[in-house]
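Please read the structure below before turning to the comments.
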Amino acid sequence: MNLPRLFVFCAVLVTPTLAFASPWVLQPGETALFGRFDFGSADEEFLDSGPAVPFNLNGELRTLGFELGARFGIFKDFEIQLDIPLKLVSYTADPVILIPTEDPDSFDYYQENVLDFSQSKMGVGDIKIAGRWQVFRSQAVGALELRVKTPTGYDPPAGTFGRNPRDAEEFLANVGSFVQPENIQDDVSLGDGQLDVGAAFLFGWALPTRTFIRADIGGDLRIDAGNRFVGGFKLGQFLGDRLLLVAGVGAEIALQEGEVIGVSVAAEDPNLPATEYGGLTNLVLREVRLDKDIVAVSGGAIVRLSKSTEITFDYSRIIHGRNVAEVQTLSIGFGVRVDPPMD
């Protein structure tokens with residue numbers, strides 16, 4: 001029943017491979033094609049502060065995604081990247097009667113009073129476009145990235161019963177009209193439904209020990225949400241000629257508050273069974289915004305099948321945050337580089 005589980009696929013991954021943003025940009029005429037399957041799950045969420053708590057009503061979040069993209073070397077020291085994700089997001093929870101409005105012996109009682117928060121959505125998520133300029137290249141490399149993320153017309157996130165009411169007082173004053181099965185809108189979305197424009201500096205350093213270091217720092221301007229800081233750090237080590245082990249940490253931190261998009265309804269005790277919900281006595285009302293904080297860790301391996309082909313395996317987990325689900329994600333991907341034709 002809370003907005004945090006809307007935000008999925010939100011671990012910050014920065015990997016120096018064909019398939020991800022990198023300070024090592026492609027050469028003119030080079031193309032890198034990539035795809036990635038993501039399998040995510042969560043049964044807890046981070047609210048306004050403190051440790052993660054279980055979803056209400058035995059809730060479980062499951063996600064399945066496939067991201068297809070390409071990087072293109074346009075001219076010397078400049079490339080562009082396009083990412084198109086396909087997503088299936090599913091949330092299941094126990095049904096509950098929150099505020100009975102009819103005689104329990106009537107024929108339509110359960111149809112008119114049972115609230116079922118189980119939903120699923122499938123479609124195209126947020127499309128991302130980025131351009132990168134290589135500003136220096138030696139043992140250490142650096143690149144400036146400008147990026148845009150845009151939604152694709154899916155239903156945007158909202159409060160438990162929609163974009164209205166906008167505050168707890170309005171909800172309590174009109175609770176009977178808002179708490180209706182047909183008004184349920186939250187729990188599942190393919191993205192945050194708003195435009196981001198961002199910039200970042202990408203830094204990489206290759207060491208003689210066949211170790212590399214990645215560090216990124218930047219931020220996003222967000223239209224209906226608070227602007228945010230985005231950063232990450234990764235460490236990688238080659239083992240032999242074909243295996244690269246990678247581990248890292250990433251963060252997104254909201255710098256200001258965005259607009260309220262509805263009211264979230266949750267139980268004071270997230271373990272409260274559906275049979276013990278009764279009226280508004282055990283409920284907590286939260287004014288919901290798109291702003292969120294994320295700290296995520298990741299680890300994985302890159303297997304180079306050939307000079308131009310690789311397979312990636314990644315595991316990531318959100319370990320701390322605010323207004324976000326504690327999602328853990330397993331990813332399997334591939335990357336293929338296509339060299340420019342010979343003259």
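What the table below lists for this structure:
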| quantity | calculated |
| --- | --- |
| Reciprocal of mean inverse Cα separation for segment 187-343 (Kirkwood radius, Å) | 19.1 Å |
| Total charge dipole magnitude, segment 5-338, about the Cα centre, Cβ charges on Lys, Arg, Asp, Glu only, Debye to nearest 20 | 2720 debye |
| Kirkwood Rh (inverse of mean 1/r, distinct Cα pairs), segment 244-304, angstrom | 15.5 Å |
| Computed over segment 199-286: relative contact order in percent, which uses C-alpha pairs under 8 Å that are six or more apart | 20 percent |
| log10 of Debye I(q)/I(0), alpha-carbon scatterers only, for the chain at 0.09 Å⁻¹ | -0.53 |
| Whole-Å distance, taken between Cα centres, linking segment 26-48 and segment 197-256 | 13 Å |
| The chain: calculated mean residue ellipticity at 222 nm from DSSP helix runs of at least 4, using -39500 (n - 2.57) | -1000 deg cm²/dmol |
| The chain: most fluctuating residue of 191, 176, 159 per GNM, C-alpha cutoff 10 Å | 176 |
| Sparse-neighbour loop sites [trypsin sites (Lys or Arg not before Pro); segment 178-255; at most 14 other C-beta within 10 Å; DSSP] | 210, 242 |
| Carbon/sulfur fraction of accessible area - segment 5-338, other protein chains in place, 1.4 Å, % | 61 percent |
| Length-normalised contact order for the chain - Cα pairs under 8 Å, 6+ apart - percent | 23 percent |
| Space enclosed by the convex hull of the alpha-carbon atoms of segment 200-251, per residue, Å³ | 78 Å³ |
| Of 190, 57, 24, farthest towards positive along the dipole that unit charges on Lys, Arg, Asp, Glu beta carbons give the chain | 24 |
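The values are calculated or read from the model by the stated rules, or taken from the named source; none is laboratory data. In this text the structure is predicted, and so the values were computed from the model without any measurement. Glycine gets a Cβ as well: all are built from the backbone with ideal geometry, and neighbour counts include every protein chain shown. Surface areas here come from the heavy atoms of the whole protein model, side chains and all, with no ligands, DNA or RNA. Shrake-Rupley method; radii C 1.70, N 1.55, O 1.52, S 1.80 Å.
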